[in-house]
Each structure stands twice: as C-alpha cells, then as structure tokens.
There are 2 protein chains.
Amino acid sequence: MPGHHSARGRRTTERKGDVRERAILDTCEALLTHKGYDAMTVGDIAQGAGITRGALYFYFGSKQEVVTALVARTVEHLWERSRVTAQTDEPRQAIAAAMQRTVELWNEHGPVLRTAIDLSLTVPEIGELWMHTADLFIAAITAVLEHAGIQAGAAPDQASAMARALCWMIERTFYHASQESREKLQEASATCEHIWLTSAGLIT
Amino acid sequence: MPGHHSARGRRTTERKGDVRERAILDTCEALLTHKGYDAMTVGDIAQGAGITRGALYFYFGSKQEVVTALVARTVEHLWERSRVTAQTDEPRQAIAAAMQRTVELWNEHGPVLRTAIDLSLTVPEIGELWMHTADLFIAAITAVLEHAGIQAGAAPDQASAMARALCWMIERTFYHASQESREKLQEASATCEHIWLTSAGLIT
DNA sequence: GATAAAAATCGACACGGTGTAGGCTTTTGC
DNA sequence: GCAAAAGCCTACACCGTGTCGATTTTTATC
C-alpha cells in the first residue's frame, strides 16, 4: 500500500528512507546542539538515528554532507519566510519585522546556524549556502536604506556597502547572543535595530 | 659561549629550541595561509620546520596548542599597540587611528585572525584569547561613543551595547574583506568607520 | 676541552575516526 | 508472489593523532 488514500494532499509515497533521512538530520541537529561539530562523530549520528555507520553512508557520503544537508534544510526555511514577507513600505516596520523573524530563526536553530558559519570557510557547499542567505539579507537591507533616503551605490557611505556591514554586524551579534540566552538575543536584536535605524537616518 | 657580549641589550642565552619554536609558528602561519586549518597536518608543520612529528610534540602538545600559541603571538602584537596608542581626545581622530591600526593587523595576519575566529568556539583557549581582544576593542569603542555624547549604559541604545555590536560588525566585515584583497579591506574599513561615526552622532 | 645534566630528536606503536566493499535482508511496485 | 530497488550491516584498509622509550645533541660548568 504505497501512496493510497492518505488523507493528506500530496502524492505521498513516502519512502522509508525519507523518514530515516529526516531522523539523521534531526539527530545531527541535536548532537550539534549538545556536543558541537568536532566532537560529533559519524557513529554518534548513526546511533542516534537507529542505524549503523555503514547504513548512514547509504544516505550521505560524509559527515560534512550530513551537516550541509542540515544547513540547507534550515536555511531554506529562511528563504521561504523571506519570500513570503511582503515588503512593507514603511522602513521602520520593515526593519522591525525582519529583525523579529531573524530572532525567531536563531532561537529555533541557533546551533545549526553557528555551525554553518563556522564551516563556511572549510566546506565550500556550506559557504555557498550561507553566502546566498547573506545576499538575500543584504539586498533587503539595501532596499530599506535606499527607501529611507540613503544614496544608492557601492561607495563606503552608500547603501550597498553599508548594508553589507550591517548584515555582518547582525550575523555576528546573533551568533554570540544566541549562545547565551533568549533574553540576550532579544536585547542584541534591539541594539542592532537601533544601529540600523541610526545608519538609515531614521533616528536623530 | 652562551650569552656573552652579544651587542644586544638583553641577556640572550637563546636556546636552540627558541629558534625552532619560532620556526614552527612561522610554518604554521604559512600553512594556515595556504592550506587552511583542517588540511594542515601536524606532519606538515613539522616538515616545514625541519623536524619530525615526534620532535614537534616536544614543543607543543597538539596541533591545537600550536595554533593557540600562534594566535597568542599575533594577538599580543595587538595588545602592545593598543596599550601604546595614547587616547586622542578627538573622537574622529581616535576612530580613524583605531581603524587604521586594525587594517594593518589584518593585512599582515589575516589568515591567523580568521583561524582564531573559526576556532574560538571549539578551542576554549583561543576563545579566551579572542574574547579578551574583543573586550579591549569594545572598551575602546565604548569610550569613544561616550566621549561623543552617547549615554553610558548597557541598554540597547546606550554606549556599551552599541560598542559590542559595532565590534562584531568590524570583526566580521574584516574577516570577509581580508580574504579578498587589501583594497577591499580598505573599503570595508571606510564603511565601518562611517557607520561607527553615524552611530556616534558625529555625522548627520 | 672533558663531562654530566638538560634539551632536543627520532622511529615505532596504539588508538580512534573515516570512508569503502561485498553480501544479506527488507520494501516496493507490478 | 516475485523481481528489482532500496536499505542495511560487518569487516577492512587508510590516515592522522598523540605517546613512549631509546638515542643524540646542546649547554653549562669545572
């Protein structure tokens, strides 16, 4: 009985492997949270997912591939959300909304995002993924800045360059704050928002 | 003939091991530059320094210890410089000077600094070192902000919190720009300086 | 400049994690 | 029910790490 009358909308036909694959990624995220990337061994992941090392290599070619898939899964979430978010015309609102969404993502998946950042240099695939994410962010910030009256362009005091720096500020600030607590994250977010607003000329 | 009339001021008595130790660190920095941390093996370092793996373990207990020592050496440079730099009273000058010094350090030791950042999470000793460096920086930024009229305090729109966010902005922006080219670094520095000035209320 | 202690070096080894290979078992679709 | 595909496992080979004990070289002292 494959994809029969599954009540759900889609065609289903969910292979057993699909479940396992999710289990592997879930386990990986949990391990990343509690042990960190280096300490996490392929055997650990397999064990957590209820299979042996050998079986895991049926799904993923290496530890790095597992993590890459996990990062992809997490980041796609973000892409979805950012695509949905209609651009509010009011800069202040747009900024507040963007920051709030980002806080939520970091609250939910902080360890994965931190790992992604750490591995960006050494694992090209992850670097790719993260760069793309950053570019989305930078584009969004650039739009807001220009909308707020900052001159478009790539010179150091123009929208594009400033957006890039602000993006890195947010990334790094969240990276650290998300290690501490949700409260710290919220505070850090407020600080970033304030600097963003100031840079946009929306605060005296 | 140990430390005889060595023309130099100090007591000399430089052991052979001191030279080797330096050679190891120099090799490590070169390898970090050309291969990156993960690809770099203890054997590589030893070979580059003209000894065998076994001998290297006489100097350092592990690959991580080698890198930690290298980071320490590099960061101490920075501490020196920042201690020397008398605090100019004029905020604009202070900011420009700080940025320039930072650019130089990243130009000279970009790969080491990037590695230090990458390993901050996983190697506590390096995390320690880097945190201390960041704290110096944050204190300096805080001082400038307060001097420029930003209210002291840790609330999101007060000097201390803002300084922290600005520090991370600079760290991350330099991290990326230093991978590209000296020109990019210089531009990135200008952008960070502009945002810093704006946040300090020194630019309309 | 002989000598004994300290410093430096080496080769061999044990361990642990990775990734691969070949064969067995379960699912899946007809 | 039955092939083919998918899933799974054990065993193995490889590589990098870090340790050990024996040996050689430096260093300081007489």
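The values are calculated or read from the model by the stated rules, or taken from the named source; none is laboratory data. What you see is a predicted model; the values in this text were computed from it and never measured. Counting neighbours? That spans all protein chains shown, and the Cβs are built from the backbone with ideal geometry, glycine included. Surface accessibility is based on the protein's heavy atoms, side chains included, excluding ligands, DNA and RNA. Shrake-Rupley method; radii C 1.70, N 1.55, O 1.52, S 1.80 Å.
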## Note on the structure
Restricting attention to the stretch A:143-174, the residues that are under 16 Å from A:HIS194 (Cα atoms) and acidic (Asp, Glu) number exactly 1
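Please go through the stretch B:77-115 and give me each residue that is part of a loop (DSSP other than H, G, I, E, B) and closer than 21 Å to B:GLN186 by Cα, ordered by number. Let's see the steps before the verdict.
Of the stretch B:77-115, the ones part of a loop (DSSP other than H, G, I, E, B) are B:85-90.
Result: B:THR85, single match.
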### Task
Any residue in the stretch A:10-23 that's more than 9 Å from DNA strand D (Cβ to nearest atom): show its pairings with residues that are open to solvent by 100 Å² or more (accessible area, probe 1.4 Å) and at pLDDT below 75 at Cβ separation under 6 Å, as long as the two are six or more apart or on different chains.
A:THR13/A:PRO2
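Against the definition (open to solvent by 60 Å² or more (accessible area, probe 1.4 Å) and under 23 Å from A:CYS28 (Cα atoms)), how does A:HIS109 come out, yes or no?
Details: open to solvent by 60 Å² or more (accessible area, probe 1.4 Å): no; under 23 Å from A:CYS28 (Cα atoms): yes.
So A:HIS109 does not fit the description; no.
Identify, from the list B:GLY50, B:GLY110, the residue that is of a type in the set (Gly, Ala, Ser), within 16 Å of DNA strand C (Cβ to nearest atom) and either under 30 Å from B:VAL144 (Cβ atoms) or in contact (Cβ under 8 Å) with a residue 12 or more places away in the chain (or both). Working first, answer last.
Working: B:GLY110 fails: within 16 Å of DNA strand C (Cβ to nearest atom).
Unique residue meeting the criteria: B:GLY50.
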### Summary
When A:ALA188 is run through (1) within 25 Å of A:VAL112 (Cα to Cα); (2) surrounded by 15 or more Cβ atoms within 10 Å (Cβ to Cβ); (3) in contact (Cβ under 8 Å) with a residue 24 or more places away in the chain; (4) within 11 Å of another protein chain (Cβ to nearest Cβ), the failure sits at (3)
### Query
Within the stretch B:116-132, can one find any residue that is within 12 Å of another protein chain (Cβ to nearest Cβ), under 11 Å from the mean Cα position of the chain (by Cα) and farther than 20 Å from A:GLU187 by Cβ?
yes
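Looking at the structure I just gave you, is A:THR122 hydroxyl-bearing (Ser, Thr, Tyr) and either part of a helix (DSSP H, G or I) or on the phi > 0 side of the Ramachandran plot (or both)?
Working: hydroxyl-bearing (Ser, Thr, Tyr): yes; either part of a helix (DSSP H, G or I) or on the phi > 0 side of the Ramachandran plot (or both): no.
In short, no.
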### Message
Please count how many residues of the stretch A:142-177 are within 12 Å of chain B (Cβ to nearest Cβ) and either crowded, with 22+ Cβ neighbours inside 10 Å or touching a residue at least 12 places away in the same chain (Cβ under 8 Å) (or both).
### Response
22
### Message
Can you tell me which condition A:GLY61 does not meet? The list is (1) closer than 30 Å to A:SER189 by Cβ; (2) not in a helix (DSSP H, G or I), and all the others hold.
### Response
(1)
### Message
Consider the stretch A:35-68. How many of its residues are more than 8 Å from DNA strand D (Cβ to nearest atom) and more than 14 Å from every other protein chain (Cβ to nearest Cβ)?
### Response
13
